[in-house]
1. Checking F76 against (1) open to solvent by 80 Å² or more (accessible area, probe 1.4 Å); (2) under 25 Å from K39 (Cβ atoms): exactly one of these is not met. Which one?
2. Quick check on the stretch 58-76. Is at least one of its residues outside the structural domain of H126 (by the TED database), modelled with pLDDT of 95 or more, part of a helix (DSSP H, G or I) and charged (D, E, K, R)?
3. Enumerate the pairs (first residue in the stretch 90-111 and in a helix (DSSP H, G or I); second residue anywhere and acidic (D, E) and open to solvent by less than 50 Å² (accessible area, probe 1.4 Å)) with beta-carbon separation below 9 Å, excluding pairs fewer than 6 apart on the same chain, so at least 6 apart or on different chains.
4. Restricting attention to the stretch 10-32, which residues are touching a helix residue (DSSP H, G or I) at 6+ places or on another chain (Cβ under 6 Å) and either loosely packed, with under 11 Cβ neighbours inside 10 Å or of a type in the set (A, V, I, L, M, F, W, C) (or both)?
5. Looking at (1) surrounded by 17 or more Cβ atoms within 10 Å (Cβ to Cβ); (2) under 17 Å from Y46 (Cβ atoms); (3) small (G, A, S), which one does S99 not meet, given that it meets all the others?
6. Return the total of residues in the stretch 124-145 being of a type outside the set (V, I, T), open to solvent by 30 Å² or more (accessible area, probe 1.4 Å) and assigned to a strand (DSSP E or B).
Amino acid sequence: MSDMLETQLKQVEAYIDSLGVENKSEEERRSYLINCLHKAQDLIGYLPVEVQKLIAKKLKVHTSQVYGVVTFYNFFSMKPKGKYPISVCLGTACYVRGSGDLVDELKKVLGIEEGETTEDGLFSLHTVRCVGACGLAPVVMIGDKVHGRLKKSDMKKLIDEYRAKDKEAETI
C-alpha cells in the first residue's frame, strides 16, 4: 500500500471517528454509509477495496453491504478516474443526434475503452443515461463542464484543448 493511500485511509478513518458512530445502533451506523463513501471518494478519487473494508469495519457493517452500495450507485467508482473524467450522454435526445459516434471517436482519440483511464491519467471515459441538457444534444461532459451540439470531428480538438490546458497549468 502506498504512503499516499495510507494517509488517505487515515483521513477517512478520522472522518468516521468524528461522526461518533461507535455508540450508535446498527441502523444509525448504516445511515452514515453513503456519506462516508462520498467523503472517501472525495479524498481518494475512487473507492478501492481497502477503503471499502475500512468503512465497513468502522461502521460495523458487513463489507458486502458497502460493496453493494458502491456497485449500485453510478456515482461511486472502484477504479481511479482521470483528472478530466469524460461522460458521454447516451440518453434518447443525445443518442439520436449521434452520441454513440462520439463515444467511438473518443475511444479512438484516447486509445481506451469505456470505463478505462488513459496511461497519462488525464482522461477516463464513461457513458451516462442523461445529463439533463437535451436541448444541447449530443452532450459530452468533461469534469463538470458541459460541451453541447458536438460532432464526431470535434472530439480530437476538444481533447487537445484539455491536454494544452493541463500543460499550461504545469508550467505555472
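1. (1)
2. Taking every residue of the stretch 58-76 in turn, at least one turns out to be outside the structural domain of H126 (by the TED database), modelled with pLDDT of 95 or more, part of a helix (DSSP H, G or I) and charged (D, E, K, R).
3. L102/D154; E105/D154
4. V12, I16, V21 - these are the residues of the stretch 10-32 that are touching a helix residue (DSSP H, G or I) at 6+ places or on another chain (Cβ under 6 Å) and either loosely packed, with under 11 Cβ neighbours inside 10 Å or of a type in the set (A, V, I, L, M, F, W, C) (or both).
5. With respect to (1) surrounded by 17 or more Cβ atoms within 10 Å (Cβ to Cβ); (2) under 17 Å from Y46 (Cβ atoms); (3) small (G, A, S), S99 is out only on (2).
6. The total comes to 3.
The values are calculated or read from the model by the stated rules, or taken from the named source; none is laboratory data. Remember, it's a predicted structure, so these values are computed and weren't measured experimentally. Methodologically, a virtual Cβ is constructed for each residue, glycine included, from the backbone with ideal geometry; neighbour enumeration extends over all protein chains shown. Heads up: the accessible areas ignore ligands, DNA and RNA and are worked out on the full protein's heavy atoms, side chains in. Shrake-Rupley method; radii C 1.70, N 1.55, O 1.52, S 1.80 Å.
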